[in-house]
Amino acid sequence: MPTGSRLKVEANEHAINKGHFVKLLLTWGQQNFREFPWRLTTDPYKILISEVMLHRTQAVQVVPVYENFVNQYPDILSLKEASKEELHTALFSLGLRWRIDLIYGMIVEIVGKWGGSVPLERDDLLALPGVSDYIANAVRCFSQNLPEPLADTNTVRIVGRLFGLEVKDSSRRNKRFRRLLELLIDHKQPRAYNYALLDLADKVCMKKRPPDCLHCPLLEMCRTGLTAMIRES
Ligand code: SF4
């Protein structure tokens, strides 16, 4: 079994040296880290709340709402005292009524079953109302620094482009994409790795605009990027 640095991750007849990939990504990530307030804490409660807020919502829109929310409700026990109407006021600007019901349901479960502490085992997190695989992995990775892959439309877009695989809306649930994300994740600095991958998807390997391959740290190993360069030359 090759070590992490020598491991080759292969798909679609394209191979990537994992150690080199991780090194390039982490170096870029250090220089391009987006300093959101939920990234400056390892408190599972705050990370859980931020992930619910971030679902289908732009991070810049979430920042002021998150900051007010955690000032007002610094832990689950303070949140337990809030009525649904107060939660509605705190979350109103993010829209989506389901988010309020979801947070309310989570509080009831975390207080009733876990004494006010967010559970950290995957199955226990997944049993909370509305906690998806992505949210459970994000809480475990960002609070405990555990090597949990994050499969969302952004991370699968990078993986698909790296290996020249077609990316669809359903790819985040596709076993092949999920396996590639599992194989690529860094086991030494998983928190920094996942932040870097998310930041790369936002700043360089974008969805709506053409990817900025010329400024991408992964260009030398990316099938899509290299193919585009050859076409343009
Ligand atoms: S080289 Fe281009 S397509 Fe490949 S990961 Fe970087 S930005 Fe995305």
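The values are calculated or read from the model by the stated rules, or taken from the named source; none is laboratory data. All figures in this text were calculated on a predicted structure; none of them were measured in a lab. Here the Cβ is made from the backbone with ideal geometry for all residues, glycine too, and neighbour counts use every protein chain on show.
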Handout entry: Selection within segment 79-97 - without any contact (Cβ under 8 Å) to a residue 24 or more places away in the chain and either among the hydroxyl-bearing types (Ser, Thr, Tyr) or part of a helix (DSSP H, G or I) (or both)
Key = Ser83, Lys84, Glu85, Glu86, Leu87, His88, Thr89, Phe92, Arg97
Practice task
Note down all Cβ pairs under 7 Å where the first residue falls in segment 215-228 and is in the same structural domain as Ala196 (by TED's automatic domain parsing) and farther than 13 Å from Gly164 by Cα, the second is within 6 Å of the ligand (Cβ to nearest atom) and of a type in the set (A, V, I, L, M), and they're at least six residues apart or on different chains.
Solution key: His215/Val204; Cys216/Val204; Leu218/Leu162
Exercise for the section: Tell me, yes or no, whether segment 159-169 has at least one residue that is away from the ligand (no atom under 16 Å from the Cβ), more than 19 Å from Lys23 (Cβ to Cβ) and surrounded by fewer than 17 Cβ atoms within 10 Å (Cβ to Cβ). Expected result: yes
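Results for (1) part of a helix (DSSP H, G or I); (2) under 22 Å from Phe36 (Cα atoms); (3) under 23 Å from the mean Cα position of the chain (by Cα), shown as yes or no for each residue.
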{"residue": "Val70", "(1), (2), (3)": "yes, yes, yes"}
{"residue": "Leu77", "(1), (2), (3)": "yes, no, no"}
{"residue": "Gly105", "(1), (2), (3)": "yes, no, yes"}
{"residue": "Ile110", "(1), (2), (3)": "yes, no, yes"}
{"residue": "Pro119", "(1), (2), (3)": "no, no, yes"}
{"residue": "Asp123", "(1), (2), (3)": "yes, no, yes"}
{"residue": "Leu128", "(1), (2), (3)": "no, no, yes"}
{"residue": "Val131", "(1), (2), (3)": "no, yes, yes"}
{"residue": "Ile135", "(1), (2), (3)": "yes, yes, yes"}
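Say we look at segment 163-183 and pick out the residues that are in a helix (DSSP H, G or I) and among the hydrophobic types (A, V, I, L, M, F, W, C); which of these is farthest from the chain's Cα centre (by Cα)?
Once the filter is applied, the top-ranked residue is Phe163.
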Exercise for the section: Report, ordered by the first and then the second residue, all pairs with beta carbons closer than 8 Å, sequence separation of six or more or different chains, a first member in segment 145-162 that is part of a helix (DSSP H, G or I), and a second member that is among the aromatic types (Phe, Trp, Tyr). Expected result: Val156/Phe177; Val159/Phe177; Gly160/Phe177
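Being within 11 Å of the ligand (Cβ to nearest atom) and at negative phi, is that true of even one residue in segment 171-194? Walk me through how you get there before you give the answer.
Taking segment 171-194 first, the residues within 11 Å of the ligand (Cβ to nearest atom) are none.
Checked against the condition, which is being within 11 Å of the ligand (Cβ to nearest atom) and at negative phi, segment 171-194 yields no hits at all.
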